[in-house]
Amino acid sequence: MDFLELAKKRCSTRCYTNRAVEQEKLAQILEAARVAPTGKNAQAFKLLVLQKPDSLQKLKEAANFYDAPLAILICADVENTWHRSFDGKVISDIDVSIVSTHMILEATQLGLASLWICRFKPDVVREAFAIPEGYEPVNLTVFGYPDEPLKSDARHNADRKPLAELIVNESF
């Protein structure tokens, strides 16, 4: 499938079967994260992989992850993230977003569903999973086999703004 087909196929899923994600598929998702571009190629993040029942139970205290069988919490290494020299902008959220996007698109390619979750309690995950100082839990992404029909690719025609509303040529 070409890239636009893949991008249009991906949708947020909030209902999963209890079928575990196979280790070879997990390995491919993690490889997609590893090859994601980051500022100055610093790769200033850690991927906290959660799939054991006790870990997922602890995660329930911090977030609704819709009982997906696999969760990956991406933590930015804030001390080693690239900063833009002109204004000091820290790009850790951008790096994590790129990494997350690579993972969810790879998961889609593999026939898995996913959900990008930013609504979680960072203090709870920090304590529950012993996240060290210097790392910021930024994004929780969950994966699994969908237990509901996936949304139609045609939804983009109704749910997205027309391209003409998003483009500004040359100057505002």
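Matching residues to (1) open to solvent by 70 Å² or more (accessible area, probe 1.4 Å); (2) in a loop (DSSP other than H, G, I, E, B):
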site: Phe120; (1), (2): no, yes
site: Val125; (1), (2): no, no
site: Ile131; (1), (2): no, yes
site: Leu140; (1), (2): no, no
site: Glu170; (1), (2): yes, yes
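Taken as a whole, the stretch 147-156 holds no residue that is part of a strand (DSSP E or B) and either surrounded by 11 or more Cβ atoms within 10 Å (Cβ to Cβ) or under 17 Å from the mean Cα position of the chain (by Cα) (or both). Name the single residue, out of those in the stretch 102-118 being among the aliphatic types (A, V, I, L, M) and in a helix (DSSP H, G or I), that is most open to solvent (accessible area, probe 1.4 Å). Here the answer is Leu105.
Give the residue, chosen from Ala76, Ala113, Ala128, Ala68, that is small (Gly, Ala, Ser), modelled with pLDDT of 95 or more and under 23 Å from Gln43 (Cα atoms).
Working: Ala113 fails: under 23 Å from Gln43 (Cα atoms); Ala128 fails: under 23 Å from Gln43 (Cα atoms); Ala68 fails: under 23 Å from Gln43 (Cα atoms).
Ala76 is the lone residue from the list that is small (Gly, Ala, Ser), modelled with pLDDT of 95 or more and under 23 Å from Gln43 (Cα atoms).
Of all residues in the stretch 70-99, those that are part of a strand (DSSP E or B) have Cβ atoms under 7 Å from Cβ atoms of residues that are surrounded by 16 or more Cβ atoms within 10 Å (Cβ to Cβ) and among the small types (Gly, Ala, Ser), 6 or more apart or on another chain, in Leu70/Gly144; Ile74/Ser100; Ala76/Ala44; Ala76/Ser92; Asp77/Ala44.
So which of Leu26, Leu56 ends up being free of Cβ contacts under 8 Å to residues at least 40 places away in the same chain, part of a helix (DSSP H, G or I) and buried (at least 17 other Cβ atoms within 10 Å of the Cβ)?
Leu56
Is it true that Val21 is open to solvent by less than 50 Å² (accessible area, probe 1.4 Å), in a helix (DSSP H, G or I) and either in contact with a strand residue (DSSP E or B) (Cβ under 7 Å, 6 or more places away or on another chain) or free of Cβ contacts under 8 Å to residues at least 12 places away in the same chain (or both)?
Details: open to solvent by less than 50 Å² (accessible area, probe 1.4 Å): yes; in a helix (DSSP H, G or I): no; either in contact with a strand residue (DSSP E or B) (Cβ under 7 Å, 6 or more places away or on another chain) or free of Cβ contacts under 8 Å to residues at least 12 places away in the same chain (or both): yes.
Considered against the rule, which asks whether it is open to solvent by less than 50 Å² (accessible area, probe 1.4 Å), in a helix (DSSP H, G or I) and either in contact with a strand residue (DSSP E or B) (Cβ under 7 Å, 6 or more places away or on another chain) or free of Cβ contacts under 8 Å to residues at least 12 places away in the same chain (or both), Val21 comes out as no.
The values are calculated or read from the model by the stated rules, or taken from the named source; none is laboratory data. Please read all numbers here as calculations on a predicted model, not as lab measurements. No Cβ is skipped: glycine too gets one built from the backbone with ideal geometry, and neighbour counts run over all protein chains shown. Accessible surface areas use protein heavy atoms only, side chains included; no ligands, DNA or RNA. Shrake-Rupley method; radii C 1.70, N 1.55, O 1.52, S 1.80 Å.
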